[in-house]
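Right, one structure below, let's go through it.
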Amino acid sequence: MDETFLRTAYTFNNRTLQSIADDLGCSRQNVWAAIKRYGIKHNAEKWIAFTCDGCGKLGSMLKTQFVKSTLHFHGKPCYTQYQHSPEFREGRAAERIARVTIEEQNKINRI
Ligand SMILES: [Zn+2]
């Protein structure tokens with residue numbers, strides 16, 4: 001199955017698996033298997049390529065998700081590793097202090 005044809009039809013023309021299968025004269029499952037094999041994603045304009053802030057590998061995510069955060073990770077292990085870094089803990093120090101202050105304030109109010 002031709003990768004360029006598949007990529008164009010599935011990613012840029014947003015065609016369904018069934019309509020591609022009809023053109024090629026094969027089953028929808030065959031088209032799906034080829035798309036998985038080539039790693040083709042549906043609707044490419046919605047996706048963005050980025051470099052993982054954890055390990056530096058290339059990854060892809062939805063643009064709508066990408067703009068929501070300043071740091072980007074390509075998977076949970078990279079994010080978990082970042083959470084244990086001193087850099088992350090320092091950034092959360094103010095939150096921790098605020099939480100303790102509010103708890104103390106609530107105790108005083110209850111008395
Ligand atoms: Zn990573």
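The values are calculated or read from the model by the stated rules, or taken from the named source; none is laboratory data. All values derive from a computational prediction rather than experimental measurement. Here the Cβ is made from the backbone with ideal geometry for all residues, glycine too, and neighbour counts use every protein chain on show.
Worth pointing out:
- Members of segment 83-94 that are more than 16 Å from the ligand (Cβ to nearest atom) and either under 27 Å from residue 55 (Cβ atoms) or within 20 Å of the chain's Cα centre (by Cα) (or both): 86, 89, 90, 91, 92, 93
- Of everything listed in (1) away from the ligand (no atom under 16 Å from the Cβ); (2) outside any helix (DSSP H, G or I); (3) among the charged types (D, E, K, R); (4) surrounded by 13 or more Cβ atoms within 10 Å (Cβ to Cβ), the single unmet condition for residue 68 is (4).
- Those residues of segment 18-49 which are within 23 Å of the chain's Cα centre (by Cα) and over 22 Å from residue 74 (Cβ atoms), in sequence order: 32, 33, 34
- Single condition residue 80 does not satisfy, out of (1) more than 16 Å from the ligand (Cβ to nearest atom); (2) loosely packed, with under 12 Cβ neighbours inside 10 Å; (3) part of a helix (DSSP H, G or I): (1)
- Against the conditions (1) part of a loop (DSSP other than H, G, I, E, B); (2) within 16 Å of the ligand (Cβ to nearest atom); (3) loosely packed, with under 14 Cβ neighbours inside 10 Å; (4) at pLDDT below 90, residue 74 satisfies every one except (3).
- Identity of the residue in segment 41-50, touching a Ser or Thr at 6+ places or on another chain (Cβ under 6 Å) and not in a helix (DSSP H, G or I), that ends up surrounded by the most Cβ atoms within 10 Å (Cβ to Cβ): 47
- When residues of segment 3-22 are limited to those that are exposed (fewer than 12 other Cβ atoms within 10 Å of the Cβ) and modelled with pLDDT of 85 or more, the one farthest from residue 82 (Cα to Cα): 18
- Residue match in segment 51-65 (condition: touching a Leu at 6+ places or on another chain (Cβ under 7 Å) and either in the same structural domain as residue 1 (by TED's automatic domain parsing) or outside any loop (DSSP other than H, G, I, E, B) (or both)): yes
- Qualifying residues in segment 27-40 (those that are surrounded by fewer than 16 Cβ atoms within 10 Å (Cβ to Cβ) and part of a loop (DSSP other than H, G, I, E, B)) - the one farthest from the ligand (Cβ to nearest atom): 27
- Hits in segment 95-111 (condition: under 33 Å from the mean Cα position of the chain (by Cα), over 19 Å from residue 79 (Cβ atoms) and either at pLDDT below 85 or not small (Gly, Ala, Ser) (or both)): 96, 97, 99
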